[in-house]
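To keep things clear, I will list the structure first and then write my remarks on it.
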4 protein chains.
Amino acid sequence: MWLRTSCYLEFDITVPTPFIFMLRPRSGAQQWIASEEYIHQPSVPITEFTDNYGNLCQRLIAQPGTFSISTISVVQTNEYSDSAPGAPFIDIDLLPDSTLSYLLPSRYCESDKFLTLAAEISQGCLLGYDQVAAITQWIRNTIRYETVGSETLLSAAEVNQRGCGVCRDLAHIGIALCRSLSIPARLVVGYLYQLQPMELHAWFEAYVGGRWYTFDATQADLRGGYVTIGYGRDAADVAVFNQFGPPSYPTQTRVEVELMPAKNV
Amino acid sequence: MWLRTSCYLEFDITVPTPFIFMLRPRSGAQQWIASEEYIHQPSVPITEFTDNYGNLCQRLIAQPGTFSISTISVVQTNEYSDSAPGAPFIDIDLLPDSTLSYLLPSRYCESDKFLTLAAEISQGCLLGYDQVAAITQWIRNTIRYETVGSETLLSAAEVNQRGCGVCRDLAHIGIALCRSLSIPARLVVGYLYQLQPMELHAWFEAYVGGRWYTFDATQADLRGGYVTIGYGRDAADVAVFNQFGPPSYPTQTRVEVELMPAKNV
Amino acid sequence: MWLRTSCYLEFDITVPTPFIFMLRPRSGAQQWIASEEYIHQPSVPITEFTDNYGNLCQRLIAQPGTFSISTISVVQTNEYSDSAPGAPFIDIDLLPDSTLSYLLPSRYCESDKFLTLAAEISQGCLLGYDQVAAITQWIRNTIRYETVGSETLLSAAEVNQRGCGVCRDLAHIGIALCRSLSIPARLVVGYLYQLQPMELHAWFEAYVGGRWYTFDATQADLRGGYVTIGYGRDAADVAVFNQFGPPSYPTQTRVEVELMPAKNV
Amino acid sequence: MWLRTSCYLEFDITVPTPFIFMLRPRSGAQQWIASEEYIHQPSVPITEFTDNYGNLCQRLIAQPGTFSISTISVVQTNEYSDSAPGAPFIDIDLLPDSTLSYLLPSRYCESDKFLTLAAEISQGCLLGYDQVAAITQWIRNTIRYETVGSETLLSAAEVNQRGCGVCRDLAHIGIALCRSLSIPARLVVGYLYQLQPMELHAWFEAYVGGRWYTFDATQADLRGGYVTIGYGRDAADVAVFNQFGPPSYPTQTRVEVELMPAKNV
């Protein structure tokens, strides 16, 4: 399916402020970017680099006044995400080297604290995909989706104690639980078609049966229409923007995802 | 300065043909891609990867019939390329690791065969930028720019013997001469504003005085308006397309570079 | 100076246990490995890969019984670590891309929680090296070095609250404080000549004045004789071993660092 | 099997001479380095980096006088190299990204000139492993192994015309022929147990049936006992040493490979 995604962020800047943005989706094995636009206003020098995870990051210093970033992409992505009940757990010695760092605890996914809980939730499951599916279902049933107070980043353990969180928080819990079962898991930030309410989204992927699969506890069912902007171990790695100096939050955020008729691509 | 570049390639495909294209400019330290479009018709599965040099490459299998790629970019680049007479030769032990592979002979730049010639050409020059400038001027004076027979890739030694070549051939000679003086040099493929006649272009960069500088023996003077698509050791690394199976040349190639009024960006 | 380092780890394994070790120092800009030995007994298949930070990691599955790793290196390293009072803070827009991930909060270094404290400690300091020196001195004065209970990994915030910790904990606090001042900081694990008591050691590096400098709050003064095994954002990245399945701690650990007469090298 | 490899190179240096050596074998999936020693005399500053292919390279400047490098490794490697008649050709669209650069022509492997010959040699073969085996056998039958004049590096086309060459030359022809059939192929430099006469060796690997396989036209049969020092597209990438300035050849070269009783490892 073809989607047109757009994200507009506007800031009121009071002092020159260094930013690192991660707002440019990449073509890869799972999605193809047919066109793309990235406009910052007013214009300031901007450079781009690739981080350790392969994400494209943009560096700039915003000057005092109103500063905005507007990005638009036309992306071909899967209409349905792959599901694979029964896909087996991969023994650690057979995991590709590149997945190993996704087994370790990270800033917001203290997998070392979730061993008992993960064992309880996944008890009786076939090892692998079914464990992750059980974890996802457990989060759906247990952690209330709630956007209040989402600006403070909480860790998976804190979110679990609190019992509610935003998409990123639910993904963090899923990741921490998977890793505690020795299943590599990573955070994905991006767009989801028909997300309600529409905004930037976060979900997670787990490595079972020899590849990465998509899981999303915020949705009732597995679906398609995901567009990836960035990957990482958790939200510390995949911030849509990192800003240095006095904190500065967007005064406006507009996110849109539209279905495109294939013929117009 | 802001440029709008476009490249259209059309092929008549007779058997399913694997291609690797390198047609997507990247944002980096020297240029910023504000928008970009990459359309292939008819649509076939396409994936993208990054090669050893950091270039974006697109893989696909074209099916029999007419197949076309159309790419458009809006790019901010330097209006004038930096010139640095006197910039010193960097001793080999002080070169960054990443430049070292650009000292070695490569498929089309047999620098091992150019020692004597390079010494002659650069005799009396300050070591560094001035040597490269002398090399570039020598190529301007000695190797006739001529497009006849350009479809066969020749090596720098072959081009030198023949005495004429296209932009890529002139760059190969410049690279081979630089490397034989222990100056790292690499091929760049991309666009040049107001190139006559307009087509995809190739030039070279040499590492002196602590950074890469642009050199282009096909132009009477150093100028700006370059947009980089890819880097590499020579044309073997930076082919706009590599195609496997029975050779297939574009039946149509259209390249355009337009100056954009900044206000419309 | 030339050092001979050795590390012997012995485990009682009860079930086949996947391990990832990080026990092989690398030659680099700051140290040269002249010889090296890495013996695991009993022999099992072992492979090596390089992680995202450039560290060499060894993967194997230990079988039930006694399992040991013995590594020995002969290393040339600096007799005195460089000190650079007055070395300036590097503005974020001028930091090399490779340092940027060391600005972000990580599993055990929640720099987002240390803003106020860092500002207090470094008040009045020249921005840069002197801030890090003040942080290191503050840790020396404030956080008691204590090895009791060191097997549980605590975060910088937890260690700060508790008021005591091991070398790794003190380094985590230093790192968190630096990052909260927008100074890149990273954990280093390795050996230190004449460490009392001798064991594997951890310290931190901060990026000021255009390069990485060594800081170590566990030592009264800056000294030399450091041998690096691995780098990372914190102890989650640079574990000497990661082990999967039922936890298994070394039943024996022997670490030695000897000065070698240069003539015997 | 366990092998002890050693290489000693001695040079008479007349002017300070920058060198890049590639003499440090790495542990990987196919071999394990249990111990290793790398001594240069007299001692000069030396640093190490990893090239684009993952090889460890050592940089130094040798001072006038006698300069020597002595390296010793104890390595576990396969007693028999895997053979896989019938292993299929991998369609280009299914090749891993990392193999694609090994499809292209390179300095000494002008695969673009070998299309007809490769088609002739491999006529009637199953696509894949059997083509490479036929190529290897053809080289054995056609290109005489001869060490005279081996110091001048010739390209595959030049060697083919001449009809004789050293191990590296025979490997270059094998690589060029494979690539012209769209089979990824790369040069390997290292040690071979019981090589006659004993010296550093070169052979090639081809990617068929989903992995790299070893081929060696200098040996009557496929055998084991290979120890890899470095990989690359051809000898331009995998020089045991690159030296800059007036050419300087080793005045002494001693290479040894001994079988070790496993109990002594």
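A few comments on the model shown:
- Evaluating residue B:83 against the criteria (1) open to solvent by 30 Å² or more (accessible area, probe 1.4 Å); (2) under 18 Å from the mean Cα position of the chain (by Cα); (3) more than 27 Å from residue D:110 (Cβ to Cβ) leaves one unmet condition, (2).
- Which listed residue, of A:200, A:126, is away from every other protein chain (no Cβ under 14 Å), touching a strand residue (DSSP E or B) at 6+ places or on another chain (Cβ under 8 Å), open to solvent by less than 50 Å² (accessible area, probe 1.4 Å) and of a type outside the set (Asp, Glu): A:200
- Test result for residue C:41, of a type in the set (S, T, N, Q) and at the interface with chain D (Cβ under 9 Å from one of its Cβ atoms): no
- Which listed residue, of A:61, A:69, A:90, is open to solvent by less than 70 Å² (accessible area, probe 1.4 Å), at the interface with another protein chain (Cβ under 10 Å from one of its Cβ atoms) and not charged (D, E, K, R): A:61
- Residues in the range B:104-131 that are of a type in the set (A, V, I, L, M, F, W, C) and more than 17 Å from the chain's Cα centre (by Cα): B:104, B:114, B:115, B:117, B:118, B:119, B:121, B:125, B:126, B:127.
- Residue list for the range D:203-238, filter: within 14 Å of another protein chain (Cβ to nearest Cβ), among the small types (Gly, Ala, Ser) and open to solvent by less than 20 Å² (accessible area, probe 1.4 Å): D:230, D:232, D:235, D:236
- Residues that are among the polar types (S, T, N, Q) and either more than 14 Å from chain D (Cβ to nearest Cβ) or open to solvent by 10 Å² or more (accessible area, probe 1.4 Å) (or both) within the range B:93-123 comprise B:98, B:101, B:116, B:122, B:123, listed in sequence order.
- Pairing each residue of the range C:186-208 that is touching a residue at least 40 places away in the same chain (Cβ under 8 Å) and among the acidic types (Asp, Glu) with any residue that is in a strand (DSSP E or B) and open to solvent by 10 Å² or more (accessible area, probe 1.4 Å), provided the two are 6+ apart or on different chains, yields C-beta distances under 6 Å for C:199/C:255.
- For the range B:94-118, a residue qualifies if it is without any contact (Cβ under 8 Å) to a residue 24 or more places away in the chain and either farther than 27 Å from residue B:52 by Cα or among the hydroxyl-bearing types (Ser, Thr, Tyr) (or both), and the qualifying residues are B:98, B:116.
- Residue match in the range A:28-35 (condition: touching a His at 6+ places or on another chain (Cβ under 9 Å), open to solvent by less than 20 Å² (accessible area, probe 1.4 Å), in contact (Cβ under 8 Å) with a residue 40 or more places away in the chain and aliphatic (A, V, I, L, M)): yes
- Residue within the range B:37-52 that is closer than 27 Å to residue B:222 by Cα and either out of contact with any Phe, Trp or Tyr (no Cβ under 9 Å at 6 or more places or on another chain) or open to solvent by less than 60 Å² (accessible area, probe 1.4 Å) (or both) present: no
- Counting only residues that are open to solvent by 40 Å² or more (accessible area, probe 1.4 Å) and either of a type in the set (A, V, I, L, M, F, W, C) or touching a Leu at 6+ places or on another chain (Cβ under 8 Å) (or both), the range D:134-168 holds 7 of them.
The values are calculated or read from the model by the stated rules, or taken from the named source; none is laboratory data. Everything numeric in this text was worked out from a predicted model, so none of it was measured. Every residue, glycine among them, receives a Cβ derived from its backbone with ideal geometry; neighbour counts consider all protein chains shown. When the accessible area is computed, the model is the full protein with side chains, heavy atoms only, and any ligands, DNA or RNA have been set aside. Shrake-Rupley method; radii C 1.70, N 1.55, O 1.52, S 1.80 Å.
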